[in-house]
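The values are calculated or read from the model by the stated rules, or taken from the named source; none is laboratory data. Everything quoted here is computed from the prediction, not taken from an experiment. Cβ: placed from backbone, ideal geometry, glycine included. Neighbour counts: every protein chain shown.
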Amino acid sequence: MIERCNRRVYLSTLPSSPADRTAVLYAVIGSLLLVVAALPFVRVTFPSVPAFIASYQSSLAVVYIITAVLLFSQFAVLRSIGILYLACGYLFTALAVAGYALTYDDLFANDGLFFPGPETTAWLYMVWHAGLPLFTLLYAISDPGRRPFRTRRACNRAIALSISGVFLAAVILLCVLTVGHPILPVLIVNSKFTLATMSAVGLVFLACFLSIGLLLKRKQPSVLDVWMGAILCAWVFEISLSAVFNAARFDFGYYVGRLYGLIAAGAILAILLAETARIQLRLALLMRQQARDADSELNAYADRERLYSAAVRSSNDAIITESLTGTITGWNEAAERLFGFTASEAVGQSIDMIVPEDRRNDALSILNRVKSGIAVENHETVRKSKAGRLLDVSVSVSPILSGTGKTVGAAKVVRDITDRKLSEEMFRLAIDSSPNGLVLIDVNGVIMLVNAETERLFGHPRAELIGRSVETLVPVDLRTAHAHSRTAYTANPSARRMGARIDLYGQSSRGDRFPVEISLNPIPTRKGTLILAAIVDISERKRAEKAQRESEQMAQGILNTALDGFLQFNSSLVVTDLNRQTEEIFGWTRQDAVGASILEIFANVETDSVSWVAFMAYLDCHEHETTGTRFEFPARSRAGHDITVELSLTKFLRDSGVLFNAFIRDVTEQRAAEAQFRQVQKMEAIGQLTGGVAHDFNNILTVITGTIQILADGVADRPQLHSITQMIDSAASRGAELTKHLLAFSRKQPLRPRDVDINDLALETAKLLRAALGEQLRVNLEMFADTWSAIVDPSQLTTAILNLALNARDASPHGGTLTISTGNLHLDASDVPADSDIAPGDYVTIEVSDTGEGMDRATLGRAFEPFFTTKEVGKGTGLGLSMVYGFARQSKGHVSISSTPAGTLVTLYLPRSLSAEPVADEVAGVTPVQRGDETILIVEDDSLVRDYVVAQIEGLGYQTISATDAKEAQAVLDSSETIDLLFTDIVLPGPRNGRQIAETAVQQRPGLKVLFTSGYTDDAFNSDALQDSGVLLLIKPYRVGELAKMIRHALLA
């Protein structure tokens, strides 16, 4: 405070005001104007007045010494190094002025004192005028706030050393300038300045201007700073008048310059003296005010004594005074009520009378602190009453000071806090028993209270948390955001629950982060609003929720990746959930399906069907939960497609009602495939049956057709009998044709597939059809120009087209159009239905369509069955379409049929040939029966056929050896018998068929020729083998001419 007061008093520390700076500016300008006005007269000569020198120099020295004394005294108070520099400058200048006067000639001695030389006074003039600017420059450079002298002793030492140093420097310079004057440069030659003079004056001017610039450049120049700037300006003006522009001693410039310098030097002295007078006036005022304050304080002290006595008596708190030895010296009425001791009983006794044994060290420690002058506030401890009851009290102790400030005793204020402690204990037990963490904070987020659960949750001791920021309990990366949220909440506090919509986290002392849920409640108090936060660790709940979410996601993932659909609905048949497969099966989006009825989803349910009635009955039964109950019924997708679905239904009983989980499988294709498979099995079984019958029937027909010709030749001269043989031959031929159809259906007929130009075959067949069908049915050909060749038996294909045409004729009683179309088709794997047995690849298609009456669904489903016909009895065998079906399948192709009331379309798919050119048809011709004498091994299991064949071959001149099976044939092959031709049936009993016998025979006898015969190939030959030109096959039944021709052909091959 004293330092701040000094700063307001002294001009060296008092900041200059605009008025101060204006006054200085006016002084400088006025001085400059005076100097300018005096310049024309500076060289005017005046009479010599030696007394002027003595008076002027003495006055100037006195002014400088007084100024130096005042500055030294100011330094002793402010201890500013700059003031010390300035005081030294004035002292040095005063000494230089005194030296100048002492060495001046004709003043104190004729030639001056101290034996000066002719240049001594001139050099002393330069030293005198250089000293103050240089020391002022040091003052300007120094830091105004720097005070290296902290103690008065150090300050006094600095003053003494400075004065001594200045005197020593002055004496040394005087000695140099007097005794050593011969070595000094000459300053004046013929009343003119030398270069040395100009240099010295220039340095003085430079020091002045640098000092002025530095003083004015200070951030906040003091009053002394601006006036020192003015003094240095006057310094420059004085030198200019008395040394630069004047001509010699005692001219106008000489007198005016020195008088101007004296006035300027007195300016600072006047300022400092005015400052000293102001300080003395201020001191007198302060002393008068202090006397008034002392009287007022004495009166106030007496009043306070009276008030204190009244307050002590009326205080609800016990007020006790004691000596430093612990003896009670004061005891008010509240102390009597609290402890039970009267004042007369307590005063003079030791304070230990109310201190329990275990608290006496604590009481002694408090008394020792008071002895040191330290007050104790609200120290909670335990004291005992006269009755021995322990009391919870709050003790505040203050030292009692004597008039000299010495501690002479202690004053205690004791407050009974037993009830408060009990309430606090009950409150603490209540909050510590809370299962939630409780944290009480103020509006600044400072923790004021925590409970035991908070300690457990966060791992911080209670004492460590009290007084810390609540952000201590928040993860580091969330603290900034939490602080912003807390500030926003405290601006508008309200009871609310947090963490329900966003995740909140706490952080334990170990750095572990855990999720929490927080409820906030503002509590208004006299000290402001407090916030109570109830914190619940929801880690277990979060883990459970995460496990549930993962379980639900896993379940949803399983449902969405399951091959079956999933549909959940309630007892009102309203859909509550479904997966993507269900969306794909029924064509409903999840958004549309949820909330819709399952009746809308299933759409095409036949509500009177047995399966639907059972399904609805199951839904109406709410007695118990069931799992895995299956139902199947037709439905319809949203796109209008009829589908068949299978449901595996599970019922769950819930508090909210019944839920049904249905796993749904689209079995439309499966049921279609099963029906197709059953159809194929049926057709295969019928084929096996018909093939076997045809085989046996062919053997019979072989004998009949062979022997009837012999019989016909024998009765050629008897017309009646000859006509009978012709009837038998015709019937046998019809039987052979029937067996061909049966074998074609069963895919057992021997085929001779080859490369066929389908367009050419269709063209030739159309010619035959126009003749056969007449004008009843118009035949159209639509042939694709680049139709591929196909691998097929041309005669069987012609027969198949003919059968289709005849069926078209019968289906068109009123006439119509028959269209035969050809084309190419490539099937990828994606184009072939899963339940189809057609292989991907290139196919040639032949479409035969009519405009007849068509077939219904039931008829269409049985169209390829043998012997199935819608014609009248005797007008159809029912083998036409079955023959086409078997032929297409045996040719490694396929056949499809579709029908509407407007007509029927049958499409044949035949495998494409990769040969460059189709094979031309053989030209049939009539050749005579050829004979021979070679040996033929005949292998035939049917005895009638074997006997017939042996007779016929022997009748042609050949030698024969017969065998009934492979075993007998092998025995003949192993013998030395000569054999030229092996003539074997393909289908034989036993493990080896005719083909296997032929392979063994050719290996044993490399030159052996082979001729096969069969009306039923079984699996011994496929179409590829028969297509090989090296395989010769005679198809049963055959005639003698065909037999003779094939034997010779085989022998010559």
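Summary of values
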| item | result |
| --- | --- |
| Segment 530-540: number of residues that are closer than 19 Å to VAL470 by Cα and out of contact with any Asp or Glu (no Cβ under 8 Å at 6 or more places or on another chain) | 4 |
| Options VAL186, VAL236, VAL201: the member that is under 27 Å from ALA19 (Cβ atoms), at pLDDT below 80 and either assigned to a helix (DSSP H, G or I) or more than 60 Å from the chain's Cα centre (by Cα) (or both) | VAL236 |
| Filter result for the condition that a residue is surrounded by 15 or more Cβ atoms within 10 Å (Cβ to Cβ), modelled with pLDDT of 80 or more and either part of a helix (DSSP H, G or I) or at negative phi (or both), over ASN807, ASN780 | ASN807 |
| Any hit, segment 900-910, residues being assigned to a strand (DSSP E or B), modelled with pLDDT of 85 or more and touching a helix residue (DSSP H, G or I) at 6+ places or on another chain (Cβ under 6 Å) | yes |
| Number of the condition not met by ARG415 [criteria: (1) outside any strand (DSSP E or B); (2) closer than 30 Å to PHE339 by Cα; (3) touching a strand residue (DSSP E or B) at 6+ places or on another chain (Cβ under 8 Å)] | (1) |
| Boolean, LEU559 is touching a residue at least 12 places away in the same chain (Cβ under 8 Å), loosely packed, with under 12 Cβ neighbours inside 10 Å, within 18 Å of ILE664 (Cα to Cα) and not assigned by TED's automatic domain parsing to the domain that holds ASP512 | no |
| Flag if GLU464 is touching a residue at least 12 places away in the same chain (Cβ under 8 Å) and not assigned by TED's automatic domain parsing to the domain that holds VAL347 | no |
| Positions within segment 649-672 being in contact (Cβ under 8 Å) with a residue 40 or more places away in the chain and more than 23 Å from VAL832 (Cα to Cα), in sequence order | GLY657, VAL658, LEU659, PHE660, ASN661, ALA662, PHE663, ILE664 |
| Residue check, LEU802 at pLDDT below 85 and surrounded by 14 or more Cβ atoms within 10 Å (Cβ to Cβ) | yes |
| Some residue of segment 983-1006 being free of Cβ contacts under 8 Å to residues at least 12 places away in the same chain, over 30 Å from GLY886 (Cα atoms) and either surrounded by 22 or more Cβ atoms within 10 Å (Cβ to Cβ) or not aliphatic (A, V, I, L, M) (or both) | yes |
| For TRP588: the one exception among (1) within 14 Å of PHE663 (Cβ to Cβ); (2) touching a Lys or Arg at 6+ places or on another chain (Cβ under 9 Å) | (1) |
| Lone qualifier among ALA76, ALA98, ALA87, ALA61 - being closer than 15 Å to PRO133 by Cα and assigned by TED's automatic domain parsing to the domain that holds ARG152 | ALA87 |
| Residue selected from segment 637-658 under the condition closer than 26 Å to GLU584 by Cα and among the acidic types (Asp, Glu), by the criterion surrounded by the most Cβ atoms within 10 Å (Cβ to Cβ) | GLU646 |
| Of the criteria (1) assigned to a strand (DSSP E or B); (2) surrounded by fewer than 16 Cβ atoms within 10 Å (Cβ to Cβ), which one SER494 fails | (1) |
| Test: residue in segment 106-121 that is assigned by TED's automatic domain parsing to the domain that holds LEU177, in contact with a Gly (Cβ under 6 Å, 6 or more places away or on another chain) and either modelled with pLDDT of 75 or more or acidic (Asp, Glu) (or both) | no |
| Qualifying residues in segment 368-384 (those that are under 21 Å from GLN349 (Cα atoms) and either modelled with pLDDT of 90 or more or under 60 Å from the mean Cα position of the chain (by Cα) (or both)) - the one surrounded by the most Cβ atoms within 10 Å (Cβ to Cβ) | ARG383 |
| Any hit, segment 332-339, residues being part of a loop (DSSP other than H, G, I, E, B), over 60 Å from the mean Cα position of the chain (by Cα) and either free of Cβ contacts under 8 Å to residues at least 60 places away in the same chain or over 30 Å from VAL450 (Cβ atoms) (or both) | yes |
| Residue, farthest from TRP588 (Cα to Cα), within segment 662-687, restricted to residues that are modelled with pLDDT of 70 or more and surrounded by 17 or more Cβ atoms within 10 Å (Cβ to Cβ) | THR668 |
| Whichever residue in segment 396-412 is assigned to a strand (DSSP E or B) and not aliphatic (A, V, I, L, M) and, among such residues, is surrounded by the most Cβ atoms within 10 Å (Cβ to Cβ) | LYS412 |
| The one condition in (1) hydroxyl-bearing (Ser, Thr, Tyr); (2) buried (at least 20 other Cβ atoms within 10 Å of the Cβ); (3) without any contact (Cβ under 8 Å) to a residue 40 or more places away in the chain that SER812 fails to fulfil | (3) |
| Conditions (1) exposed (fewer than 13 other Cβ atoms within 10 Å of the Cβ); (2) under 19 Å from LEU70 (Cβ atoms); (3) modelled with pLDDT of 75 or more: number failed by ALA230 | (1) |
| Boolean, LEU438 is among the hydrophobic types (A, V, I, L, M, F, W, C) and under 57 Å from the mean Cα position of the chain (by Cα) | yes |
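Condition check ((1) surrounded by fewer than 18 Cβ atoms within 10 Å (Cβ to Cβ); (2) at pLDDT below 90; (3) in a helix (DSSP H, G or I); (4) not aliphatic (A, V, I, L, M)) across all residues:
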| residue | (1), (2), (3), (4) |
| --- | --- |
| ASP921 | yes, yes, no, yes |
| VAL926 | yes, yes, no, no |
| ILE936 | no, no, no, no |
| ARG946 | no, yes, yes, yes |
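Matching residues to (1) in the same structural domain as THR454 (by TED's automatic domain parsing); (2) surrounded by 15 or more Cβ atoms within 10 Å (Cβ to Cβ):
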{"position": "PRO522", "(1), (2)": "yes, yes"}
{"position": "ARG526", "(1), (2)": "yes, no"}
{"position": "THR529", "(1), (2)": "yes, no"}
{"position": "SER551", "(1), (2)": "no, no"}
{"position": "GLY565", "(1), (2)": "no, yes"}
{"position": "LEU573", "(1), (2)": "no, yes"}
{"position": "ARG590", "(1), (2)": "no, no"}
{"position": "PHE602", "(1), (2)": "no, yes"}
